[in-house]
Every structure is written in structure tokens, then in C-alpha cells.
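Q: One structure follows; several queries about it will come next.
The values are calculated or read from the model by the stated rules, or taken from the named source; none is laboratory data. Note that the coordinates shown come from a computational prediction; the quantities given were computed from them, not determined experimentally. Every residue, glycine as well, gets a Cβ built from its backbone with ideal geometry; the counts of neighbours run over all protein chains shown. Surface areas here come from the heavy atoms of the whole protein model, side chains and all, with no ligands, DNA or RNA. Shrake-Rupley method; radii C 1.70, N 1.55, O 1.52, S 1.80 Å.
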Amino acid sequence: AETERALAVLIQSLEQALTNPNLRSRELALACLKGSLSSGRPGAVPSIALSLSVLKLVGDFLLEQCSPIVVEMDNTEIDLDEKVRDVAVSTISSLLCTKSPSASLVDKETLAEILHYRIYLSKETIRRRCAIPSYDGDTNMMENDEQGPIAPRGLASLPRSRRSLCFQVLQSTLQGLQSILNLIGERNDTSMAVLIWSELAINCLHGESDPRCLIQLLNLFGSMQESFIKVLENNFPVDAMFEAASAYYPVQFTPPPNMAVPVTKDDLARALWKILSFTGYDDACTRAGRDTMFGLTLGIILDQLIPLPEDEPTTLQEEKDALIDLKRLMGISESLEEDKAMGADVITQDRIDPKALAQISAVLRSIHSKTAIQGATGAPGSVTPQQVSLLCRDLTSHIALTCEKQTQNRNYWHTFVNEGSKDLLQGKSISSWSRPDIVFLSCIAGCGGTQSLKFVLDSSLSPLLQSLNETTLTKSEDDFSTARVASNATTALFGIAAFCAAVQTCGKRQPHGIVLTPHPLRGSESKIIGSIMQIWEQARNSASGADSPQVISAFASLRVAVVRAMETALMVLPQNLASEEIALVQGYLSDLCSISLDRDALSEQTAKEKPFISAVSRSLGIAVGACFEGDSSTSDQSHGDFLLLRLGAIRKQLLENIFPSLLHNLSSQYVQLVLAMACSQGKNAANVIAQTLMEAVVEQIKNEPQ
């Protein structure tokens, strides 16, 4: 009461100035009143509480000052009428921020009336500030007064600074409504009033282009969504909010040159994402059969990734940003460690429709297929296709793994992994399988969980092995056909290597002390070794004497693929080989050693053969190094690394035949590469090899003539 009396005395003392035709005096008086409502400190949050009657008296008076002012002005007062209205709007913002009386002093009905009046004051302030005077044809300005009719116009016609004042009124209104709603709870009459005000505020966003006003509104709507979760849970205007906000997705903003804009693109993106990712009303929307914010936001992200044919194609940067937004929308943490524990929240909590998962799967496959073949090309500092394809695989693996762990809705895994993988290869012959498709499947197999691994191996490995078994690398009628057969075999070998590597990856992702039982490739060892060795025997000399660069290049790539596929198989396959397959492996390792030691062949190699010789040296080095890091006692494990290489016969061959042969040819650069790769396999291998080399050097020095 004391505060209200002091305010009444102030208004009484300012009465003459507030009603004075002199606009400058009126402007100063309004500024003085605003200061009193704001505790006299610039930017201070009002701390006074006003009763309903005082709130109405002051509010109604200020509304009059917001209306169009029609008085005669001289040249020194140009735009002064607009300044008076601006101060009045700013003063109303301070008034709307004032506290409501305590619930112990007034009943809930009075608090409800205060809420209704605050909403009325907010809406009417904006309406009047957007109004212009209207005159009859025979009435001039001098004869018209301030009570003339008001013709509404849109916020877009106001300058940026004045739109910002109107948006501040909305912010102040929300601040005042929050405290009242906490006191009175949910009521039908107040809920409807809040709903109408929310729709008015949302409509203010349409057409806004200034980043300073835009960030103001986006922050307001983010707070509004959180504040009205109790009172508007069942009827919040989600559709209207999305329609207004989604027009700015993705954020396209570059600060104007030579202009200090206190807003960045990241500021706008964060504020916009807070709105689009808010799912607090989604359960109620689902019950009512309305669109959810999650579903609507997912739709625009997928549209961004796969635009309509008539739209411009997205850039790599836009694709990367959209994939990151998809990851955040799915509830996948940016932290790798947290990802392993949390997965995708919307799947874990059963909040996504399987049809949406099918759409996500199709989009990720499409983006990956397009970007994976483009490699790492790009300007320095720019987004590369490789980065986008890696992000696709990362997102796919997280979703696949979470779908597998989701036990309440098995349709998730079936839709995303089973049907998605079938769609990837359905109707395609092995010759039309692409490396991006194989990489995508191997990612699901390696990182998507044990069920996904088994499914991918069962559906993909057998066709690849069969394709290799049916391959005959003989001279065809034309060079194109010969090169195509070699290229198809190269792709099949690439797939076998990728799926074997996926088994290794999946095993390493298991919790400590847990192994895959039975080994995912148990029963396929002989088929894999036999198929690879069949191509190895054919590929070594099939292109000899070829003149066509196309054929020479195809067979050079094929030989590299054979070595890499065998390398991966030897690292992963369990020790379940028959004596015939063991003999094949021993023969293959002897071939690698011979190639590394063949000085004549190495000196005559072409540029196209260097990758093959390097691959041979790498594989042989890995095999030698593995022998020093373990023994056959690991054979009882159900999965592990280099198990085949630790079989007694193979290990004996590497240690007693191949390794000594290498030591006698240390001057060869490829032998040096073999030993360097062997040392990289572990500390024990490095220690043994280094000690052996030192002894060999010492012995050589002793034997040199004095």
C-alpha cells in the first residue's frame, strides 16, 4: 500500500506533464514513471507489487500514450510523437514485470483477473503501437484529436528498434504470467487466455528478418514452451510454433560487413534448436492424434538432407549440419563414451515411430552412397565428402545398436537394420555391389551389435564367397570384359575384408572379459581361405603380358585386394582349419616372403605395382610380429586377434623359415618395411626383433676383414 501511494503521488505530480501537448515534456514524464517502476536503476528488474486496481489505472493511462498522437509539431519536434509512444511501450514493459500481490493477500480469483488484464494489456499495447491515425476526408490534422479512430497495421512496418520494444512487452508479459500461473495452477479460463496470447506472440515471428529481433523472439518462444508445460500441456499450439520457427531452418545468416551486430549465426542456431527440439508436449499430441514437434522437426531435417527435385541441392556443409542436428534430435550424446552408455534416447524411450526409422535409414544410406565415393576431396578448412560419410556411419551404428538393445519394441531393429540392409542390396547382383554399400553394411555389422553382425554376415558373406568361387581370370574377348571380371573380384575381396574387420571391431566393443561365443565366423574359415587363395593363384600371373592399361590397372588393384583380404582373415579367423587349408596359408606366406626377397622383380616393378609390393610387405610384417606377441595357448578363446597365425605349424614356419630369410636380406627396403611393421605389433615383437638385428650387426662387424 505504501508503494502504491508513492506511485499515486508521483503520477499526480506528473499529471500536467503527462497531458501536456508539449511532447518533449510528456516524454520526460513517462521516462520518470518508467524509472519508478524499475526501481530507478537502468535495466533493473521491477521488484514492486501492484494491486489489480492500480495495475489497471496505470496500464489504461499508458495505453493512451501508445496510441497515435495527433498534435501540431514544429520542425524541431519531428518524430517526437513516435518517441513518446516508444517510451510509453517501454514503460508498459516495466509495468508488466511488476510482481503480483502475494497469494496470502488476495484470492485466486483476483490473481486470475490480474492474469487476464496483463494479457489484455500486452495485446492492446502491440495493437496500438502498430496503429496509425485515420482521418475523415474533410478533417485535417489540426482539428483531429488523440481520440481519433485507430487503423491497425503490421509489426513489419515498424523500424527494428520499435519492433524490439514490442517484443520486450511480450517478454515482460511472459515473466509476469509465470509467477501467477505458479500460484493459481491450471484453470480453464486462464488456460484459454494464455493459449490466445501464445498464438499472438507466435504470429509476431512471421516475416521477421533482423537477427537482433529474431534472437529476441526465439529466446522468448524457448522460454514460453517450458513455462506453459503445465497449463497448456494438452493444447499448446505446437503446429503454429513449428510453422513459424521452421521457416528459419537451417539458419542462413552472415553478419553484415562494417556493422556491429551483437548476434552470431551460432546464437540463432542454438535458440532455434531449443524450440525445434522441445518435445515436452509430444505425448499429449500423440494421444490427441496431432503432429509432434519431434516428427515435424525430423521431417525438415530429412528434407534438408534429401531436398525435392525442384529445390537446389544441399551443400556438404548443410548436409553435415543436418546430420549433426539429426544426431541431437535422436538424443545421441556428442561424447563417445556417453554414446556407448546412452544410445539414442528416442529409441530407448520408445518415442519414435518405426516408419520414421525407415525414413532415417533410407536417407542415411542415400547420403552415404553419394559422399563415400567422393573421398576426402575439398578445399582446406571446408567440409569434405569423407567427413559427411563418416558422420553417416557413426549415426547409423549408434541407431542400430540402440535398436538392438530396445527390447520393448523389436520392430525398431527389424525396420532399421533388417529391412534397411535388405533394401540396400535387394535386386542387385554381386557385380553391382558398390564399395560404399559394403562399407555401410560393415559399419552396421561392426558397431550395431551382435544381432546386426550375425544378420549382415548371414546375408552378405556367402554371396561374396560364391562370386569369388565362380570367378575365372582368363583373357576375354575384349579388354573391357577382362578388366570388369577383375574389378568385380576386387569388390568381392574388399567386402570379405570389410566383414572380417567388422567381426574384430564388434569383438573389441564388447564389455571387458566378454567374448563372442561362438565365433561369428566359425564354420566359414575354410570357405574364406579357399576362396581368397583361389583368386590369389589366378591373379599372380593372369595379367602378365597384357598391353591394355585398363587390364594392367585392374589386375594390380586385384592383387592388392587379395593381400589385404587375406591379411584381415588371418587376423580374425578362429583356429579351425583342416590340414589342407593350413598348407594353403603356409604356401601363401612363403609367396609373400619370396616376393619381398625377389630383387630382380622389385627392381623392375612399375608404379602400378608399388602398392602391391607395399601391401605384401605390410601383411608379412604383421604376420611375423604376431608370432612374437602370442602362442598357440590362445586357441581356447572364442575370438581374438591373429589366432590362425599362432597355430603351431604356421607359427613355426614364420619363426624358423621366413624370419631368418628376412634377416639375411636387410639391405632391401621392403625387408626393412616388413621388419618395421613386425615391430609395430607389440613391445615383445619390437624387443625380440631389435635384439636380433643388433646381434646380426655385431656379427657382421666381426666378420668384416680388418
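Q: Compute, for residue 54, the solvent-accessible surface of its heavy atoms (probe 1.4 Å) with the complete set of protein chains present, and express it in square angstrom to the nearest 10.
A: Accessible area of residue 54: about 30 Å².
Q: Determine, from the Cβ-Cβ distance of residue 310 and residue 610 and an R0 of 41 Å, the FRET efficiency 1/(1 + (r/R0)^6), rounded to the nearest 0.05.
A: 0.30
Q: Could you rank 423, 210, 394 by how accessible they are, 1.4 Å probe, largest area first?
A: Ranking 423, 210, 394 by accessible area, largest first, yields 423, 394, 210.
Q: Applying the Karplus parametrisation 6.51 cos²θ - 1.76 cosθ + 1.60 with θ = phi - 60° to the phi angles of the range 658-671, what ³J(HN,Hα) value in whole Hz is obtained for each residue in order, glycine and proline being reported as x?
A: 6, 4, x, 4, 5, 5, 7, 9, 5, 6, 6, 5, 7, 5
Q: Set the Förster radius R0 to 35 Å, insert the Cβ-Cβ distance between residue 277 and residue 230 as r into 1/(1 + (r/R0)^6), and round the FRET efficiency to 0.05. Mind showing how you got there, number by number?
A: Working: r = 20 Å, r/R0 = 0.57.
For residue 277 and residue 230, the calculated efficiency is 0.95.
Q: Can you send over the solvent-accessible area of residue 527, 1.4 Å probe, protein chains only, in Å² to the nearest 10?
A: Rounded to the nearest 10, that gives 130 Å².
Q: Another question, then. Testing the spin-label approximation: label points 7 Å from Cα along Cα→Cβ at residue 668 and residue 510. State their distance in nm.
A: Result: 3.9 nm between the two label points.
Q: Within 10 Å, count the other beta carbons around each residue, average over each peptide in 528-534, 619-625, 590-596, 284-290, and list them highest first.
A: 619-625, 528-534, 590-596, 284-290
Q: Quick one: accessible surface of residue 92, probe radius 1.4 Å, all protein chains present, in square angstrom to the nearest 10.
A: 0 Å²
Q: Another question, if that's okay. Starting from the Kirkwood Rh over alpha-carbon pairs, what translational D in µm² s⁻¹ does the range 201-303 have by Stokes-Einstein at 4 °C and 1.567 mPa s? Let's see the in-between values first.
A: On the way: Rh = 14.3 Å.
The estimated diffusion coefficient comes to 91 µm²/s.
Q: Now a separate question. Can you quote the Å³ per residue value for the convex hull of the Cα atoms in the range 271-331, rounded to an integer? Could you put the intermediate results ahead of the total?
A: Working: hull volume 5.5 nm³, N = 61.
Residue-normalised Cα hull volume stands at 91 Å³.
Q: Give me Rg over Rh for the range 159-251, both radii from the alpha carbons and Rh done the Kirkwood way, two decimal places.
A: Radius of gyration over Kirkwood radius for the range 159-251 works out to 0.97.
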